[in-house]
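Participant: Mind having a look at this structure? Questions to follow.
The values are calculated or read from the model by the stated rules, or taken from the named source; none is laboratory data. Here the structure is a predicted model, which is why all the values come from computation and not from measurement. All Cβ positions, even for glycine, are placed from backbone atoms using ideal geometry, and neighbour counts span all protein chains on display. Areas reflect the complete protein model, heavy atoms only, side chains present, ligands, DNA and RNA absent. Shrake-Rupley method; radii C 1.70, N 1.55, O 1.52, S 1.80 Å.
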Amino acid sequence: MNIILPIVAVLIGFGVSYFVYQKSVTINLLLAFSGSFLLSVTVLEFLPVIYNSGVNSIGIFILGGILLQIILEYLSGGAEHGHFHLSKEKKTFPFVLFISLCIHAFLEGIPIHGNDHLLYAVIIHKVPIAIIIASFLFNTSLSKFKIIFFLLVFALMTPLGSFVQSNTTLLDGITIYLDAVVIGIFLHVSTTILFESSKDHKFNIYKFGIIVLGIVLALVL
Ligand SMILES: [Zn+2]
Ligand SMILES: [Zn+2]
């Protein structure tokens, strides 16, 4: 499940962007919901587990995760939370964007094994992001081959992170620290989504409602 579902989520996003996407209200609401649900699951379930692990100074790694995500967003222009600033005329492969997105996606795969709610949160977070990334790439002058390569490798990174964590011994000693780093990443990404989803800080009852819905859903699951 933790291998298949993230791939399916990203493929759904690509499909939606290829066939029906318009930069619409729906995508912004989905983004707001995904941010709120991810933040809620992180704070309610993921964070307590990490703090109860008894590992000293784990908080430092959470802060490190926030800093890492800030650096990744400098490189990606904020693609992890649904932002894009890349010239449409671009013909060369966007390596920096690609690598920063892959690092982000690989890391978020690490804690989803054996944590169903976090798995759902990551999947819901991926759908709008995949829609935005794919629809953006389809609107550039990049060749179809490059776009499909980009999207496929990106789709495989989260399952790869999960696979490496659960089926190899590579990360055995450091999983708890990586989990803490991922908490920092989730805190930064989800709060940025919520922050950017309210344009000019105008109160929007639909957005507020969908954010509350994300919190409530995480509480009752
Ligand atoms: Zn942004
Ligand atoms: Zn992400």
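Participant: Filter the range 87-114 for residues that are buried (at least 17 other Cβ atoms within 10 Å of the Cβ) and away from ligand 2 (no atom under 15 Å from the Cβ) and give the result.
Facilitator: Residues satisfying the conditions are 94, 113.
Participant: Kindly indicate whether any position in the range 168-179 is open to solvent by 50 Å² or more (accessible area, probe 1.4 Å), closer than 22 Å to residue 76 by Cβ and either of a type outside the set (A, V, I, L, M) or assigned to a helix (DSSP H, G or I) (or both).
Facilitator: No: zero hits.
Participant: For the list (1) under 30 Å from residue 103 (Cβ atoms); (2) touching a helix residue (DSSP H, G or I) at 6+ places or on another chain (Cβ under 8 Å); (3) open to solvent by 40 Å² or more (accessible area, probe 1.4 Å), I need the number of the one condition that residue 195 fails.
Facilitator: Unmet condition: (2).
Participant: (1) within 16 Å of ligand 1 (Cβ to nearest atom); (2) surrounded by 22 or more Cβ atoms within 10 Å (Cβ to Cβ); (3) among the aliphatic types (A, V, I, L, M): which one isn't true of residue 187, the others all being true?
Facilitator: The single condition residue 187 does not satisfy is (2).
Participant: Do you know which of the residues in the range 21-78 that are of a type in the set (Phe, Trp, Tyr) and under 27 Å from residue 221 (Cα atoms) is farthest from the chain's Cα centre (by Cα)?
Facilitator: Applying the filter and picking the extreme gives 51.
Participant: Restricting the first residue to the range 131-150 and requiring it to be of a type in the set (S, T, N, Q), which pairs with a second residue that is open to solvent by less than 20 Å² (accessible area, probe 1.4 Å) and at pLDDT below 85 meet a Cβ separation below 7 Å and a spacing of at least six or different chains?
Facilitator: 135/17
Participant: Please verify whether the range 140-153 includes one or more residues that are open to solvent by 10 Å² or more (accessible area, probe 1.4 Å), assigned to a helix (DSSP H, G or I) and of a type in the set (Ser, Thr, Tyr).
Facilitator: Checked the range 140-153: no residue is open to solvent by 10 Å² or more (accessible area, probe 1.4 Å), assigned to a helix (DSSP H, G or I) and of a type in the set (Ser, Thr, Tyr).
Participant: Quick check on my filter: what residues within the range 47-72 are within 14 Å of ligand 2 (Cβ to nearest atom) and either among the aromatic types (Phe, Trp, Tyr) or within 16 Å of residue 125 (Cα to Cα) (or both)?
Facilitator: Answer for the range 47-72, where residues must be within 14 Å of ligand 2 (Cβ to nearest atom) and either among the aromatic types (Phe, Trp, Tyr) or within 16 Å of residue 125 (Cα to Cα) (or both): just 69.
Participant: Can you name every residue in the range 157-183 that is without any contact (Cβ under 8 Å) to a residue 60 or more places away in the chain and more than 13 Å from ligand 2 (Cβ to nearest atom)?
Facilitator: 160, 164, 165, 167, 168, 169, 170, 172, 173, 174 - these are the residues of the range 157-183 that are without any contact (Cβ under 8 Å) to a residue 60 or more places away in the chain and more than 13 Å from ligand 2 (Cβ to nearest atom).
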